[in-house]
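J.: Following this message is one structure expressed as structure tokens.
The values are calculated or read from the model by the stated rules, or taken from the named source; none is laboratory data. Quick caveat, the model's predicted, so the values are computed rather than measured. All Cβ positions, even for glycine, are placed from backbone atoms using ideal geometry, and neighbour counts span all protein chains on display.
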Amino acid sequence: MKNHLHTIMEDWKLSGTALMKKGEDIPFIASLGFANRAERIPNEHHTRFGIASGCKLFTAIAICQLVEAGKLSFDTPLSDWLDAPFPNVTIHHLLTHTSGVPDYFDEEITDDFEDLWKDVPMYHLRRLKDFLPLFQHAPMKFPPGHRFHYNNAGFILLGLVVESVSGVTFQEYVEANVFQRAGMHESGYFAFDTLPAKTALGYIDLEDGSWKTNLYSLPVIGGSDGGAYVTAEDMMKLWLALMRHELLNETYTQKLLTPHVHCEDDDYYGYGVWIKQQDGAISKYHVMGYDPGVCFHSAFYPTSNGIVVVCANQSSGAYDVMAAIEALFSEA
């Protein structure tokens with residue numbers, strides 16, 4: 001099976017690590033490409049990869065933990081915790097991308113994330129509150145609860161709520177209450193200028209066949225809307241800990257995994273997690289992240305208790321590799 005994974009990655013020219021686990025079987029894992037192209041340092045099973053928006057799930061788990069602890073509720077107005085000009089927006093609205101708050105990166109307007117940093121130096125964005133000037137004075141997109149619209153700024157606001165309620169930085173909270181509890185000891189929120197060993201650089205391939213790193217394409221450090229680094233094995237541990245109710249009790253785990261809002265076709269959204277339904281049954285929970293030099297996709301399949309993780313240090317390919325692994329799943 002490991003050879004099959006490696007072949008799939010070669011077929012799609014994916015630089016990264018892929019993991020596949022069925023039920024109680026041991027996981028199969030394969031790596032390809034370079035974590036550092038200039039030095040020709042290969043990607044390995046324990047290489048850390050940026051996962052962009054894939055870690056919105058971590059933010060949702062953090063919020064649900066605070067609700068479970070009685071410090072917050074899903075109906076709590078955002079204004080109870082933040083001095084932000086978004087009336088009638090609740091925690092539930094933010095978790096489900098139905099808040100209508102203006103986004104600092106609105107995918108209905110542009111799909112070029114690098115354009116953001118032409119006017120705002122990305123190296124100034126080290127704290128969640130540094131993002132507020134990018135969107136807090138813009139008009140609402142629609143009334144809260146009106147519809148689903150994927151929103152990064154909404155998760156920035158959720159991270160600020162975590163900080164306000166917990167009294168520590170968002171990154172500190174998640175590393176202590178999500179990563180450590182799940183056994184994700186190799187994962188973290190690392191700044192570009194202090195990356196630890198065994199961390200893959202992200203690469204943007206150019207039309208002339210050359211490439212550049214994504215150093216000047218993303219905020220200097222990840223936060224509540226995206227940007228954590230994980231290993232493929234650590235992401236597997238996250239799914240296992242979540243499904244075993246080690247991060248949230250059963251009630252709040254189910255609340256997080258409930259299809260709260262319909263997106264399109266068979267796609268729904270829970271709290272920080274995409275949900276695929278077929279014939280009225282949930283076929284998978286999944287998260288994804290795509291940024292310049294980063295692509296990531298991971299899923300848990302409730303029927304088989306299967307897990308797939310695809311981490312890559314390039315801008316595209318994870319979706320296709322994920323689909324090919326799912327086809328392999330059905331044949332295995």
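J.: Check Gly202, Gly167, Gly188, Gly159 and return the single one that is closer than 30 Å to Asp83 by Cα and buried (at least 19 other Cβ atoms within 10 Å of the Cβ).
T.: Gly159
J.: Can Ile282 be described as among the aliphatic types (A, V, I, L, M), in a strand (DSSP E or B) and over 15 Å from the mean Cα position of the chain (by Cα)?
T.: yes
J.: Would region 258-271 turn up any residue that is among the aliphatic types (A, V, I, L, M), touching a residue at least 24 places away in the same chain (Cβ under 8 Å) and touching a helix residue (DSSP H, G or I) at 6+ places or on another chain (Cβ under 8 Å)?
T.: Taking every residue of region 258-271 in turn, none turns out to be among the aliphatic types (A, V, I, L, M), touching a residue at least 24 places away in the same chain (Cβ under 8 Å) and touching a helix residue (DSSP H, G or I) at 6+ places or on another chain (Cβ under 8 Å).
J.: If I filter region 170-185 down to residues being in a loop (DSSP other than H, G, I, E, B) and not aliphatic (A, V, I, L, M), which single residue comes out as surrounded by the fewest Cβ atoms within 10 Å (Cβ to Cβ)?
T.: By that ranking, first place goes to His185.
J.: Being under 20 Å from Ala60 (Cβ atoms) and among the acidic types (Asp, Glu) is the requirement here; does Asp291 meet it?
T.: Yes, satisfied.
J.: On to the next question. Going through region 1-45 one residue at a time, which ones are closer than 23 Å to Tyr290 by Cα, at pLDDT below 95 and surrounded by fewer than 22 Cβ atoms within 10 Å (Cβ to Cβ)?
T.: Matches in region 1-45: His6 only.
J.: Only residues that are closer than 30 Å to Lys284 by Cα and in a loop (DSSP other than H, G, I, E, B): list them for region 19-42, please.
T.: If the condition is that a residue be closer than 30 Å to Lys284 by Cα and in a loop (DSSP other than H, G, I, E, B), then Lys22, Gly23, Glu24, Asp25, Ile26, Pro27, Gly33 are the ones that fit.
J.: Residues in region 170-184: is at least one more than 21 Å from Phe58 (Cα to Cα) and either within 19 Å of the chain's Cα centre (by Cα) or modelled with pLDDT of 95 or more (or both)?
T.: No, because not a single residue in region 170-184 is more than 21 Å from Phe58 (Cα to Cα) and either within 19 Å of the chain's Cα centre (by Cα) or modelled with pLDDT of 95 or more (or both).
J.: Which of (1) surrounded by 21 or more Cβ atoms within 10 Å (Cβ to Cβ); (2) of a type in the set (A, V, I, L, M); (3) under 27 Å from Asp11 (Cα atoms); (4) in contact with a helix residue (DSSP H, G or I) (Cβ under 8 Å, 6 or more places away or on another chain) does Met288 not meet, given it meets every other one?
T.: (1)
J.: So in region 54-77, with the set limited to residues that are assigned to a helix (DSSP H, G or I) and touching a strand residue (DSSP E or B) at 6+ places or on another chain (Cβ under 7 Å), which one is nearest to Glu250 (Cα to Cα)?
T.: Leu57
J.: If you don't mind, there's one more thing I want to ask. Collect the residues in region 302-332 that are of a type in the set (Gly, Ala, Ser), under 20 Å from the mean Cα position of the chain (by Cα) and over 28 Å from Gly209 (Cα atoms), keeping them in residue-number order.
T.: Gly306
J.: Also: Identify the residue in region 68-105 that is surrounded by fewer than 22 Cβ atoms within 10 Å (Cβ to Cβ) and of a type in the set (A, V, I, L, M, F, W, C) and, among all such residues, is modelled with the lowest pLDDT.
T.: Step by step, filter region 68-105, then rank; the result is Phe105.
J.: Suppose we keep only residues that are assigned to a loop (DSSP other than H, G, I, E, B) and under 14 Å from Gly33 (Cα atoms) within region 195-204. Which one would you say is farthest from the chain's Cα centre (by Cα)?
T.: So, considering only residues that are assigned to a loop (DSSP other than H, G, I, E, B) and under 14 Å from Gly33 (Cα atoms), the one farthest from the chain's Cα centre (by Cα) is Lys198.
J.: Looking only at region 205-233, filter to residues that are β-branched (Val, Ile, Thr) and in a loop (DSSP other than H, G, I, E, B); which one of those is surrounded by the most Cβ atoms within 10 Å (Cβ to Cβ)?
T.: Taking the candidates together, the pick is Thr231.
J.: For region 131-165: of the residues being among the aromatic types (Phe, Trp, Tyr) and part of a loop (DSSP other than H, G, I, E, B), which is farthest from the chain's Cα centre (by Cα)?
T.: Among those residues, the one meeting the criterion is Phe142.
J.: When region 46-63 is examined, which residues are found to be crowded, with 20+ Cβ neighbours inside 10 Å and either more than 16 Å from the chain's Cα centre (by Cα) or on the phi > 0 side of the Ramachandran plot (or both)?
T.: Thr47, Ala52
J.: Got a number for residues in region 234-250 being in contact (Cβ under 8 Å) with a residue 12 or more places away in the chain and either of a type in the set (Phe, Trp, Tyr) or surrounded by fewer than 20 Cβ atoms within 10 Å (Cβ to Cβ) (or both)?
T.: Qualifying residue count for the region: 6.
J.: I've got another one for you. If you check Glu207, Glu233, which single one turns out to be closer than 21 Å to Ser316 by Cα, in contact with a His (Cβ under 8 Å, 6 or more places away or on another chain) and not polar (S, T, N, Q)?
T.: Glu233
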